[in-house]
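What follows is a short report on a single structure.
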Amino acid sequence: MPAYPVFSVLAALAVIALELLWLRTGIFRRSAYWIAMVVVFAFMIPVDGWMSKVPDPIVIYDPSVLSGLRFPIDIPTEEFVYAFAMVTLALVLWERAGPRGESSRPRVRA
Amino acid sequence: MGKYEYLALLGACVLITLPLEFVFRARVWRRPRRALRALVPVVVVFGIWDVIAIALGHWEFNPRFVTGVTLPPGLPIEELAFFLVIPLCGLLTYEAIKTLMRWFRGT
């Protein structure tokens, strides 16, 4: 299996686990989070499209570490998984660092 | 732009998202300590991944578009900037959308 998609998926799963099992900010229940991710992905297309444009990319990947899927434009599709992990980690930590009670609905204790 | 192209692209991301701070009252730049608590772990985790991937040859940077300045463990300064700027854009977007949703609810 190519390394980049594999590690991107592992990073995304690790961030999801961090939120659900440890930090529990409740961000996945907020519509603002999901709308923000859609907006981030939309703006990612021109930015990452520029960085990965063939034949003149800024970042040059070893083809053997990629899944081979390039969509949209010339963006390696796994970049969206990578971006999900990176931006979600920042947002979860941002919520966690906020004043208690402001970040989400009150936590329900089991 | 040449060697500054990658940095210029990130600079454009900062400029384009800056109005979110004021027009949509994101208040991310104005809460720098909270922002750093969100961004520093991202820089550390993704920076380590980046240094390893570069050392293994998984990816490299087109020398025409980067300064070539690299921080000690092997992290190009452009990548350090990337790991700060892109999550920062995410924080600004998220807080701006929270504001918009409050406006639509009329609160």
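The values are calculated or read from the model by the stated rules, or taken from the named source; none is laboratory data. Treat the numbers as computed from the prediction; the structure is a model and nothing was measured. Quick reminder, even Gly has a Cβ in these numbers, built from the backbone with ideal geometry, and neighbours come from all protein chains shown.
Considering (1) more than 11 Å from chain A (Cβ to nearest Cβ); (2) aromatic (Phe, Trp, Tyr); (3) buried (at least 19 other Cβ atoms within 10 Å of the Cβ), say which one B:Phe22 fails and leave the rest. Here B:Phe22 clears every test but (3).
As for the stretch B:26-40, it holds no residue that is touching a residue at least 24 places away in the same chain (Cβ under 8 Å), of a type in the set (Lys, Arg), in contact with a Ser or Thr (Cβ under 6 Å, 6 or more places away or on another chain) and more than 25 Å from A:Val65 (Cβ to Cβ). If the condition is being closer than 22 Å to B:Ala8 by Cβ, within 10 Å of chain B (Cβ to nearest Cβ) and either out of contact with any helix residue (DSSP H, G or I) (no Cβ under 9 Å at 6 or more places or on another chain) or among the β-branched types (Val, Ile, Thr) (or both), then the stretch A:54-83 contributes A:Asp56, A:Ile58, A:Val59, A:Ile60. Taken together, the criteria place B:Trp49 among residues that are facing chain A (nearest Cβ under 8 Å), touching a Phe, Trp or Tyr at 6+ places or on another chain (Cβ under 8 Å), aromatic (Phe, Trp, Tyr) and farther than 23 Å from B:Gly2 by Cα.
Note on the stretch A:60-76: residues that are surrounded by fewer than 20 Cβ atoms within 10 Å (Cβ to Cβ) and either assigned to a strand (DSSP E or B) or without any contact (Cβ under 8 Å) to a residue 40 or more places away in the chain (or both) amount to 10. Regarding A:Met51, is this residue modelled with pLDDT of 95 or more, within 10 Å of chain B (Cβ to nearest Cβ), surrounded by 13 or more Cβ atoms within 10 Å (Cβ to Cβ) and touching a strand residue (DSSP E or B) at 6+ places or on another chain (Cβ under 6 Å)? Spelling it out, A:Met51 is indeed modelled with pLDDT of 95 or more, within 10 Å of chain B (Cβ to nearest Cβ), surrounded by 13 or more Cβ atoms within 10 Å (Cβ to Cβ) and touching a strand residue (DSSP E or B) at 6+ places or on another chain (Cβ under 6 Å). Tally the residues that are crowded, with 17+ Cβ neighbours inside 10 Å and either in a helix (DSSP H, G or I) or at the interface with another protein chain (Cβ under 8 Å from one of its Cβ atoms) (or both), restricting the search to the stretch B:62-79. Total satisfying the criteria: 4. Comparison of A:Glu95, A:Glu78 shows that the only residue that is closer than 21 Å to B:Gly57 by Cβ and within 17 Å of the chain's Cα centre (by Cα) is A:Glu78. Applying the set (1) part of a loop (DSSP other than H, G, I, E, B); (2) under 12 Å from the mean Cα position of the chain (by Cα) to B:Cys89 leaves exactly one unmet item: (1). When A:Ala42, A:Ala17 are screened for being more than 9 Å from every other protein chain (Cβ to nearest Cβ), closer than 18 Å to B:Leu92 by Cβ, small (Gly, Ala, Ser) and in a helix (DSSP H, G or I), only A:Ala42 passes.
When the stretch A:19-48 is filtered for residues that are in contact (Cβ under 8 Å) with a residue 40 or more places away in the chain and either over 16 Å from the mean Cα position of the chain (by Cα) or crowded, with 17+ Cβ neighbours inside 10 Å (or both), the ones remaining, listed by number, are A:Glu19, A:Leu23, A:Arg24, A:Thr25, A:Gly26, A:Ile27, A:Arg29, A:Arg30, A:Tyr33, A:Ala36, A:Met37, A:Val40.
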